[in-house]
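Every number in this text was worked out from the coordinates using simple rules, so none of it is lab data. Just so you know, these numbers come straight off a predicted model, no measurement behind them. Here Cβ is always computed from backbone atoms with ideal geometry, including for glycine, and neighbour counts include all displayed protein chains.
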């Protein structure tokens, strides 16, 4: 590599690091002060980019039009962020982190459909300011002048943020709240006002990054997901709530992405998640973060069945018989949807074993669902296995991946556990997405159909019903077994469980493997129903959906994810048949559930029954 090429790649990496730092520093600031895991932070970045596009179209033509848009778009986004904090997030500050993330994920869905409605689905572009539309020679090679502006802004923004955080009273309050927000409140600081201003400032940072990046990227409704995943990587690698950590991690990742392209055109996609996984394994609190205090007692999740088993078995058999009768009376389309619902029930119920019974919230559970689908698809198309054997290969592949990833994941707790599961899921997604020779890459694997004896919708529905009933019965047995009792003890108080002799990590690892096995079973059911496998099955959005299903049904009840999966897919099917904006409807339902009915449908029904009985 020549010196000039090295210099150009370094400058490109610095420019990319600048955008990541702006987004990640706002995300880290919000988390550090308010403990909100703001998944909608990328949506603020996206909205600012689109607002910049609109402002350039409506503002009077002048040499300063771009710079005025660069000021107005972030300001508008910061006001929108204040409205989100006051109207929604203020109601759930005491809720578990997962509920906060799910609410902000609902806002992501709403923002995505709002962008599609207001600006359309076509890619849009923002012209460069005329003064910076050309290039500048760097060691004899041309380099875009706008990139040099971005690189030059990096030190200025960094110094400005340092001055705000370390030389102003507001910055002192921010750092104090990051360390101990209860003590700050005890000293008489108005926490509500502090949180609002923090959210506004964090939103402004995301908006400034979006407006600044608008001339360099294609404006698409999905650009928020890409930037938020990378921003999470920066925050986790640098350390939650650490300003210096965000800067260091952004520089590392920006340069890693820039030089990784020289090694392989898609190498940078997996390198950043490998870095994130390594940092979490070696130093879970990040490069410049501080270790979190070990957790003691936790909020309860789901409880084991406390009634008589014989009536329960009778009800279960009767329910399966009623569902089976649909194979002869329901139309083919309904049976296909029913088979898909059954697959989703398995993945949601398997995640519920981790969340509700083990206290481990995974942000990467789609990895095992997707690997189960790919394992079955590859067994059929590449290995030439008969469908039953290929079907069984799916959950075996998923369980093997869960066994490997789980060794590292169960060493962590809380948000660090969740982020490491996300890192492994994104690594699996990237491998599947890139391995064209084996997995087909983004073209997927086609022709994954069941044999003739299962070829009709009714027959496959019965097959899926039998597999799902067996999988859920297995999970129910696990919750009643000594392993289930140990998992609940660990969930409620890991210190006490370890003190009485339980091997905490071993039990959590077993739960992780079993959850991966059943999720892979759901993936195998799903892939033969769809007839194809695509990398999207492993993407981060697919990991959020089962969390939504559990929340929809209720985390406190064993059947919560089963009911939630059925309601989720039914809503998906009905709403998309009549509306183009299913995401906005789902996002509204999700935010409403988190704010009004965090216990889910079954929990709300139970509360109403208790209230009526009292």
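What is the gain in length, in nm to one decimal, between residue 382 and residue 435 on full extension, counting 0.36 nm per residue of separation less the C-alpha to C-alpha distance? Please list the in-between numbers first.
Values: separation 53, 0.36 × 53 = 19.08 nm, distance 1.39 nm.
Going from the current span to full extension adds 17.7 nm.
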Two-site label geometry, residue 556 and residue 573: point separation in nm, points 7 Å out along Cα→Cβ: 3.0
Along principal axes, largest first, the alpha-carbon spread of segment 3-221 in whole Å comes out as 59, 40, 31
Can you give the helix-only mean residue ellipticity at 222 nm for the chain, where every DSSP H stretch with n ≥ 4 adds -39500 (n - 2.57) and the sum goes over all residues, rounded to the nearest 500 deg cm²/dmol? -25500 deg cm²/dmol
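With the contact rule set at Cα under 8 Å and sequence spacing of 6 or more, what percent relative contact order holds for the chain? Working shown, then result.
Numbers: 1023 pairs, mean separation 121.7, N = 614.
This gives 20 percent for the chain.
Would you please give the FRET efficiency between residue 164 and residue 485, computed as 1/(1 + (r/R0)^6) with r the Cβ-Cβ distance and R0 = 45 Å, to the nearest 0.05?
Numbers: r = 51 Å, r/R0 = 1.13.
Efficiency at R0 = 45 Å is approximately 0.30.
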Sequence of 344, 579 once ranked by neighbouring C-beta atoms within 10 Å, starting from the fewest: 579, 344
Distance from segment 311-336 to segment 126-153 (C-alpha centre basis), Å: 64
How would you rank 183-192, 484-493, highest first, on the average number of other Cβ atoms within 10 Å across their residues? 484-493, 183-192
So for the pair residue 336, residue 124, with labels modelled 7 Å out along Cα→Cβ, what separation do we get in nm? 3.5
In degrees, nearest ten, helix 560-578 long axis to first principal axis of the chain (Cα): 60
Taking only Cα atoms, what is the 0 to 90° angle, nearest 10, from helix 457-480's long axis to the longest principal axis of the chain? 90
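Normalised by the number of residues in segment 399-507, what is the relative contact order in percent for Cα pairs under 8 Å and 6+ residues apart?
Rounded, it is 13 percent for segment 399-507.
Counting only C-alpha contacts under 8 Å and six or more residues apart, can you give the relative contact order of segment 3-221 as a whole percent?
Details: 256 pairs, mean separation 98.1, N = 219.
After rounding, I find 45 percent.
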